[in-house]
Structures are given as structure tokens and as C-alpha cells.
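Here is the structure we will look at.
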Amino acid sequence: YETPWFSELLLANLLSPVGAGNLSATVSQQEYSRLLKSDSLGVFSSSDYLSSGDWTQNASLFGTVDNTSFAFDAFYRNQNGTRPNNEQEQQSYSLKLKQQITAKDSVMVQVGYFKSDGGDTAQYYNNSGSTNFPGVPTPSATLQVTEKQEPNLLVGYHREWAPGSHTLFLFSRIDDDLTITDSDPSLLWLRTAVSFFTGATNISLRNPAFFTQDYQSKLTAYSTELQQIWENHQFTFIAGGRYQWADAHTTDDLNRNLGLPVQVLGDYNNDLSRASVYGYAHWQVADPLRLIGGLSYDHLDYPVNIDTSPITSAEDSKSLWSPKVGLLYSPLPKTHLRAAYARSLGGVFFDNSVRLEPTQIAGFTSAYRSLIPESIAGIVPGTEFDTYGVGLDHTFDTRTYLYAQGELLKSDGTRTLGLLVNSDPLVPIADTASSTRQSLEFEEKSVSLGLNQLLGDEWALGSRYKLTHADLQTRSLDIAPTLTGAGVLNQDVSSLLHQVWLYAIYQHRCGFFSQFDAVWSKQSNDGYTPSLPGEDLWQFNLSAGYRFLQRRAEVRVGLLNITDEDYHLNPLTVYREMPRDRTLAVSFKLEF
């Protein structure tokens, strides 16, 4: 969900006049933010500490002086992780400035810095690497990843010609440096060997041992976009165009020295470009009915593989027309029906995230960087996405809130994977760089139900249920599926996940509050070799806190995973990470 939240926050900051809102990215975490208040300064701080040693700090200094608004955001997170080599340290800083030049013109500038150091942070079914699950992928004990972005630059311009008529322009530059080192990397090796007894030639696909990897990528990406909005009571039209380009310099050094030294070195400069045009129309047919239609065209030129070793200099292109339709219908004042369908084209790196083009249709996300969980497959360049959604919201006079939603998400793409080849049947050493193609078809069906109840002025009760079924089918397009070990490229697997969230919140006017949460997860898996056993567990959390200084300060203490339940969940169905041990959580918030 990076694409919709980042794009919509950017759009909101561009459209809002100076002083009408807070430019800080942490505004959603501030429960008592001061809105529509000019010539003021504010400070916000949020600190979270877990007994596992994890620490998260958010801070913001923001304000408005005359015709200028600003926000400086700082973020720091240190996670020890739940297994060896699972640690991660992140920090980011962002400065936003918005200047009202005239009554109709404003400019916004954002400069950012980001750095991340860590080990293997992917989700695994076998999180601890236990030998109880032979053949199941396990976390890496040797992978180290460092990423740095300095500086990132966003420049936006807004012109309001008349009420409802807006022109927006956005320019961005992203500079990303990525380094990966691994003394035991996961690689594909196509081995050809001659049988000592029969003389027959045997071919197999396996992971070669005794290799080390040193990977470095420097990406400099640019984006420009121009958008026009026309809006009145009955119609809204949005039209625009976007052009993005990037230079990527990638080096990938694979070394093997076990008596017979082998070096596979890739050093390439690749170009990435994307051209997009789009148009959207909203028609308020009558007060209860709004129809939405849109059409976009994307042309993408991209490197086929500069992220899986060994890399290649090959490039490819793809074009796609993407229709989008939606409906908003309110047959009753407190009943709202939503439905949508959208097609979209995925990108490669950040090209699909930095955008002003709408990312939702009738409240359903229509733009993704990836749908297949990245712990399973990573990003597949040029993936086609299809999203279907229908939702119903109703509010009862008893202060009861009900919602139901169903989604069908599909992605279809082909990726190129690096491949090491043993070219001499008599010498079993991987010594030649090659590649192989793999198709990936992914489908996720989900149904969500929610019921929330307010009891008086102090109690709130709620429940939410979500059923998710994910299916992934992969096929090797160049390697015969009958080869030994080829099953890693040819899978037809699925997972079904039930989750229930229950909560009760109590808040007293004196500032005291408490909350109890219960989470139930039940999962079954199908098609895996070896099989993945299912999971069925409850986790319970309890917290209490106090708000004081006119509710501008808050302290909270909680006990997470009270029953100390670990779990084995398949990341094929997306889930929010939960504590794996009983954990004490302490937080403190302050805003002035």
C-alpha cells in the first residue's frame, strides 16, 4: 500500500492552501492536531519501546508563518528481530516547505534522506529455521543489506484558476544506493554431469555452494507529471501525463574459490523509462449515485534483470491500455455501496509510487508496486494487475457501524532470473552466467466483515473478520519441468487464512484509558512439497494509559502476546507481523 498512501498525501499537500493543514507525514498519528490555525508552531514526538529491545521514534517540528508552511519530520527505528540476522536499523529525515506565492499560486519543496541497514527481514513460514520442517525455505544467516537515499527531491506547483479548476505540476529526483553482501547466497545452478557408472548425462537444477556475493546498485530516477482538474457539483474531470526516466549502474560480483576459482562479474548501465497519459471522469448522476470512469496508457522500457544474480544487460518494453470503472451509490442516507474494477501496469522500482494520478477507484486501491508478497517473489517488472471490489457500509441509529467488503486481485507477469551454468560435464563447477524466464500468475480473493459499537461515552467494542485465499502458479519458460530440482521454478500453491480481530476500549474523561485486543489466525496450505502444516492460534494484548496536560501528552503501557504464542504462517497470504514472544510495550506521545 505504499503507492496509494504516498501519492494521496502528496496530492493533499499540493492542493491544500498554506495554513489549511499540517504538512507533517505523521499527522494521522496525532489525535489532537490543530487544523486551520495560522501563524503557529508545533512539536510532536512519539516514542515506542519493546522489551525485546526494539525502539521506534517519530518526531516532527511544524508550523505556519505568514504565507509559509513547513514541517521537519524525523524517524528512527531499531529492531533486534525475532531470529538471528533479522535485525534492522532505519532512519529518515524530511523537510517540507510550502510557499503561497499569490492568492492562486503555491509551490511546495520536499527534501528527504533515508538509510537502512539490516539482515534478512523477509517473512518465512519456518521463521526460526527449525529442522522440524525439512525442505522448507529458511532465513539467511549471512545476508546483509544496506540502502541509502540522499537526497530525494520533490518540487510541486499548484495553480487554482478558479474554484474547481486546478493545475498541478510535480518534479522528483530519487537517488538510491543499494549494497548486498552474502557469504552464502541463494542462487540457481543448472548442472550437467556425466555418470561415472553409465556414462549418461544428467542435468539438474540446484543451489551451488561456496559462493560469495557482492552486489551494488546505484539508481538515479526522475519523474515529471502535469495534471489538470475540473470540478463542479455534477462533474469532475482529471487528466494528465507523466514521464519518468532512470539510470541504473549495477555491479554483481560472484566468487567461488574451492581449489578451482570462479568469478562471475556483471557490470552494467541500464536505462528505465515510463510514459503515461490518463483521464478520469466522475459523474454525479443524482444525489445518491456517482459513476466513475477512467482510461490510462502506459509504455514501459525496463531492464529485465538487475536484481537477481547473475544480472544481465538485457532490456525489454511493455505497453498497456488500462480501463477503470467505479460506482458509489447511497440508497439510504446511512447506507453506502461501492464497486470498482481497474487494470494497471506495474513498474520496476519507484516509478509507480511517485505519481499524482489517482490510485483508488471508489475506495479500492488500483495501483500497486507488487501484489505477490515480496517475501515470496519480490518485484516482477511490468506486471499487469486487475482489481475487482465491492463494499457496503451502513450506520445504525444505535451507534452501530457495519461494513462488508470483497476483493479479487490478480497479477500476471514474467520475470528473468539469473542462472549459473556448468558448461563442462566433467568438471562440476558453475562457471558461466546465464538467465531463465519464469511466468507468475497470482490471485488473491478476500472477504472482510466489520462490526463496531459505541456504548455510552466511555466504551467502544469492535470486531473484524477477514478471509483471504491466495493462489500462486509459476512456470519455467526455458527449463524443462522434468529436470531434477526444477520444482523450485514450477509451483501451483495456495493458502487460506482466516483472521478475527476483537477489541474493547474504555476511556474516562479524566484521561485514563485501556484496551484489550484478541487476534485469531487459522491457516491451511495446499500444493507444497514438502507439505506445510496449518496453523491455529489466538494472541491476546492488554494496554492501559493516561492522557494529561490537556491531552497533549500520553503514556501507555501494554503487554503483547500475553500467552506467549509463537506461530508458523505462510507469507503467501499477506498478514501483519505479530509478536512471537510475550512482550512489554511502553510508549510516550507529546504534542504542543
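Distance between the C-alpha centers of region 73-91 and region 212-235? Whole Å please.
27 Å
What size of dipole, in debye to the nearest 20, comes out for region 425-516 about its Cα centre when the only charges are +1 on Lys and Arg C-beta atoms and -1 on Asp and Glu C-beta atoms?
Roughly 240 debye for region 425-516.
Expressed as a whole number of Å, what is the distance separating the alpha-carbon centroids of region 473-523 and region 355-394?
17 Å
With an 8 Å Cα cut-off and a minimum separation of 6 or more residues, compute the relative contact order for the chain in percent.
10 percent.
Nearest 20 debye, what's the magnitude of the dipole of the chain about its Cα centre given +1 on Lys and Arg Cβ and -1 on Asp and Glu Cβ? Each step should come with its number before you reach the end.
Working: 43 positive and 65 negative charges, 301 e Å.
My answer is approximately 1440 debye.
Restricting to the chain, compute how many DSSP beta bridges are antiparallel as a %, nearest 5.
The antiparallel fraction comes to roughly 100 percent.
Viscosity 1.567 mPa s, temperature 4 °C: Stokes-Einstein D of region 79-164 from its Kirkwood Cα radius, in µm² per second?
Here the translational diffusion coefficient equals 78 µm²/s.
Along each principal axis of its Cα atoms, how long is region 523-592 end to end? Whole angstroms, biggest number first, please.
Computed over region 523-592, the largest-to-smallest principal extents equal 58, 24, 12 Å.
Please tell me the relative contact order of region 402-476 in percent, rounded to the nearest whole number, where contacts are Cα pairs under 8 Å and at least six residues apart.
33 percent
Could you give the accessible area per residue of region 215-260, probe 1.4 Å, as a whole number in Å²?
Result: 49 Å² per residue.
Would you list, by chain and number, the lysines whose Cα falls below 22 Å from the Cα of K324, excluding same-chain residues fewer than 8 positions away?
Filter leaves K410, K445.
Along the principal axes of its C-alpha atoms, what lengths does the chain span, in descending order and rounded to whole Å?
So the three principal-axis extents are 83, 55, 44 Å.
For all pairs of alpha-carbon atoms in region 478-585, what percent lies in each bin of width 5 Å, listed from the first bin to the last filled one?
Cα pair-distance distribution for region 478-585, in percent: 2, 10, 16, 14, 12, 11, 9, 7, 6, 4, 3, 2, 2, 1.
Expressed as a whole percentage, what fraction of the accessible surface of the chain belongs to carbon and sulfur atoms when a 1.4 Å probe is rolled over the protein heavy atoms?
The value for the chain is 58 percent carbon and sulfur by accessible area.
For Cα pairs less than 8 Å apart in space and 6+ apart in sequence, what is the mean separation divided by the residue count of region 66-176, i.e. the relative contact order in percent?
After rounding, I find 23 percent.
Could you please state, rounded to a whole Å, how far the C-alpha centre of region 452-466 is from the C-alpha centre of region 237-316?
The distance from the Cα centre of region 452-466 to that of region 237-316 comes to 43 Å.
Straight-line reach from K148: which lysines have a Cα under 18 Å away, not including same-chain ones fewer than 8 places off?
Result set, ordered by chain and number: K115, K218.
With a 1.4 Å probe and all protein chains left in place, how much accessible area per residue does region 448-555 have, in Å²? Could you put the intermediate results ahead of the total?
On the way: 5630 Å² over 108 residues.
Per-residue accessible area for region 448-555 comes out at 52 Å².
Can you give me the convex hull volume of the Cα atoms of region 75-119, divided per residue and expressed in Å³? Don't jump to the answer; show the numbers that get you there.
Working: hull volume 3.0 nm³, N = 45.
Cα convex hull per residue, to the nearest whole number: 66 Å³.
What residue among Y528, G294, P481 has its Cα farthest toward the positive end of the dipole of the chain, where the charges are +1 on Lys, Arg and -1 on Asp, Glu, each on the Cβ?
With unit charges placed on the Cβ atoms, the residue in question is G294.
Hey, what angle do you get for helix 2-15 against the long axis of the chain, alpha-carbon based, 0 to 90 degrees rounded to 10?
30 degrees
The values are calculated or read from the model by the stated rules, or taken from the named source; none is laboratory data. Everything numeric here is computed off the predicted structure, so don't read it as measured data. Positions of Cβ are backbone-derived with ideal geometry, glycine not excepted, and every protein chain shown enters the neighbour counts. Keep in mind that these areas ignore ligands, DNA and RNA; they rest on the heavy atoms of the full protein, side chains included. Shrake-Rupley method; radii C 1.70, N 1.55, O 1.52, S 1.80 Å.
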